[in-house]
Amino acid sequence: LNVTEEKFVLDTLAGCIEYKSLFDVVVNAFFVRDGRYCLISERNLYIVICYLATFQLEELGLQHFSRIVKSLDTAKMQKFLRFFFNALYLNTWIKDEWSQFYDSLYVKENWIDPLLRWQPKVQQLIEQLTDKLSNRTTTVKTSMVTQPKEFNLTVPRPRAIPIPLPIPVLEKRPPVPPSTYKPPKEKKQLEEIKTKNRRKAEVSIRSLTCVCKGDTFFLNSLLVQGTFLAGREVVPSPPQYLEVVWELIDNIPIKLNAAAILREGALYQRKMEQELKRIENLLQGAGDPSEFLEWQKQMRGKDLEEQLAEIECRRLQGKLSHEEAVLAHQNVIQENKKKADLMREEKAELMNQYTEKRLQEQKEIKETVDQVMEGHKNAKQAKIKLQKYKQQIVQEVCEENRELLRQALEEEEEKLRKRYELIQQIRAIESLPSIRHKFVDLTETGGHGLICEMSIVELRERLALLREAQKAAEEEKRDQIIHEKQAKEQLLLDKLDQISLFRAELGRAAALKQEEKKRKSRSGERPMKDERILSLQKKIVEKTMERKKQAGLL
């Protein structure tokens with residue numbers, strides 16, 4: 001553009017932005033009334049024409065303005081100019097709406113009056129546009145109608161009948177193996193092992209019931225739960241019977257989950273490494289720590305006995321303290337009884353004094369009442385005067401209340417009148433036309449000038465691609481999880497085999513250890529009680545006898 005054209009374009013743009021609120025009133029009303037079928041995307045076109053007609057018509061002149069209008073769509077310009085240059089609209093609602101933004105006198109002198117002066121000449125332009133539209137319509141009506149002709153198409157050859165394909169013969173499927181309907185051999189073997197273990201357990205438990213008759217019911221319950229003593233030849237004696245029962249409970253089979261299998265496998269692995277390390281140290285010439293461990297075990301047993309004796313002493317001391325507290329409580333009860341007897345005597349004396357005082361006060365009150373009755377007779381006349389004075393005050397207050405009520409009614413009527421005027425204004429504003437139709441093109445962007453803008457159609461396509469990529473990633477992740485699960489199951493099976501081996505070896509070692517322990521326990525002696533425990537028990541008996549004697553006296 002040259003300098004003049006550039007200046008004209010910049011002035012037009014600045015004016016459209018500055019007076020946007022005025023042009024929005026006219027263009028919105030146009031879309032509601034005469035431009036219901038016009039596109040919303042042409043809104044800026046009508047704003048520019050409105051600006052040129054309102055502010056630039058004097059400078060441009062009618063000829064230049066007519067050239068600009070005729071260069072655009074004839075039907076749209078004819079419809080908009082006929083709406084905007086309507087004298088009735090300019091003098092009524094357009095003037096009122098613009099007066100809300102600017103002074104009404106300024107609007108009338110600078111904008112409405114010039115538009116009304118140009119209205120006759122612009123009406124001639126509108127008539128020219130109308131004639132142009134009518135001529136265009138006449139030409140369309142008198143145009144020749146297109147006569148359709150048939151296409152010279154090649155006649156297709158008849159299709160050959162296809163040769164039917166031979167029907168494939170299905171292969172004969174192998175019959176179902178008979179092993180499908182038979183129970184597995186492993187189940188039968190498990191049942192035989194279970195029956196054999198049950199018989200062994202019954203024999204062992206019968207020998208235990210002969211030794212300890214009182215615990216027959218407990219052993220039978222253990223038999224029902226499936227515990228057993230396999231391979232024991234020595235019958236336990238009564239002192240070691242509880243240990244045998246706990247060993248039976250430890251051998252109860254427990255169903256393991258994955259975490260328990262891995263944990264127990266790691267435990268046996270550590271034990272195996274420690275045992276290998278110990279054997280390696282012995283081969284290298286190191287000493288056997290079994291004697292030290294045995295001595296350490298004996299010392300810990302002695303420490304445990306001392307701790308148990310200390311706990312028993314503390315328990316007996318607590319019991320002795322309780323007996324002493326009961327005796328002290330009984331002594332307090334006796335002292336409280338003596339104090340209660342003294343308080344009852346003092347209370348009877350105080351009641352006698354209070355009765356005498358009340359009789360004296362009643363006598364004085366009676367004398368005072370007689371004096372007051374004599375004063376009431378003299379005050380009757382004063383009471384009548386006071387009543388008349390009060391009636392006069394009430395009349396004056398009633399008159400003042402009437403005046404205040406009248407003023408309140410007037411103020412309420414004024415508020416109602418103002419509220420009615422405000423409602424009328426709100427209804428007038430609501431009656432103004434507004435845009436109700438909005439056309440949306442899903443293939444267009446928002447037009448905000450951003451690099452990442454996209455239309456709704458493009459957005460849907462990208463979302464579809466993202467869903468496909470996510471589905472492929474989920475399939476890949478599912479395959480990976482299946483492979484990891486299979487590897488974990490194989491690891492658990494290996495661990496179970498290893499655990500079963502370790503448990504068998506540990507069972508044999510525990511049986512040997514138990515036999516050794518029984519042989520040692522036969523030669524042991526029962527420990528004597530501590531002297532402190534005996535002395536505390538003697539004191540508790542003495543305090544109990546004293547408490548019972550005191551309770552009998554109470």
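Using each residue's phi in segment 352-361, evaluate 6.51 cos²θ - 1.76 cosθ + 1.60 at θ = phi - 60° and report the 3J(HN,Hα) Karplus result to the nearest Hz, with x for Gly and Pro.
With coefficients 6.51, -1.76 and 1.60, one gets 4, 5, 5, 5, 5, 5, 5, 5, 5, 5 Hz.
Can you give the relative contact order of segment 3-135 as a percent, counting alpha carbon pairs under 8 Å and 6+ residues apart?
28 percent
If you plug each phi of segment 401-409 into the Karplus form 6.51 cos²θ - 1.76 cosθ + 1.60 with θ = phi - 60°, what whole-Hz ³J(HN,Hα) values come out, in order, with x for Gly and Pro?
Ordered by residue, 3J(HN,Hα) equals 5, 4, 5, 5, 5, 5, 5, 5, 5 Hz.
Lys pairs in segment 3-135, Cα-Cα under 22 Å, at least 8 apart or on separate chains: how many?
17
What accessible area, in Å² to the nearest ten, does a 1.4 Å probe give for residue 96?
Accessible area of residue 96: about 90 Å².
Quick one: what are the phi-derived ³J(HN,Hα) couplings along segment 152-163, Karplus 6.51/-1.76/1.60 with θ = phi - 60°, whole Hz, x for glycine and proline?
Computed from phi, the couplings for segment 152-163 are 8, 8, 6, 6, x, 6, x, 6, 6, 6, x, 6 Hz.
Could you work out the equivalent-ellipsoid semi-axes for segment 357-501, taking the square root of 5 times each eigenvalue of the Cα gyration tensor, largest first, in whole Å?
Working from the Cα gyration tensor, I get semi-axes of 97, 52, 8 Å.
Please report, largest first and rounded to whole Å, the three semi-axes of the ellipsoid equivalent to segment 3-135, where each semi-axis is the square root of five times an eigenvalue of the C-alpha gyration tensor.
Semi-axis lengths for segment 3-135 are 21, 18, 16 Å.
Which percent of the accessible heavy-atom area of segment 3-135 goes to carbon and sulfur, probe 1.4 angstrom?
It is 54 percent, rounded to a whole number.
Between residue 277 and residue 310, what is the FRET efficiency for a Förster distance of 41 Å, r being their Cβ-Cβ separation, to the nearest 0.05?
Result of the calculation: an efficiency of 0.60.
Report the calculated FRET efficiency for residue 452 and residue 408 (r = Cβ-Cβ distance, R0 = 56 Å), to the nearest 0.05.
0.30
Separation between the residue 42 and residue 473 pseudo-spin-labels, each 7 Å from Cα along Cα→Cβ, expressed in nm?
Using points 7 Å along Cα→Cβ, the separation is 4.8 nm.
Taking 0.36 nm per residue of separation and subtracting the Cα-Cα distance, what length does fully extending residue 2 through residue 321 add?
103.3 nm
The values are calculated or read from the model by the stated rules, or taken from the named source; none is laboratory data. Worth saying up front: this structure is predicted, and the values here are computed from it rather than measured. Don't worry about glycine lacking a Cβ; one is built from the backbone with ideal geometry, like all the others, and counts go over all protein chains shown. Side chains are part of the model used for accessible areas, which takes the heavy atoms of the whole protein and leaves out ligands, DNA and RNA. Shrake-Rupley method; radii C 1.70, N 1.55, O 1.52, S 1.80 Å.
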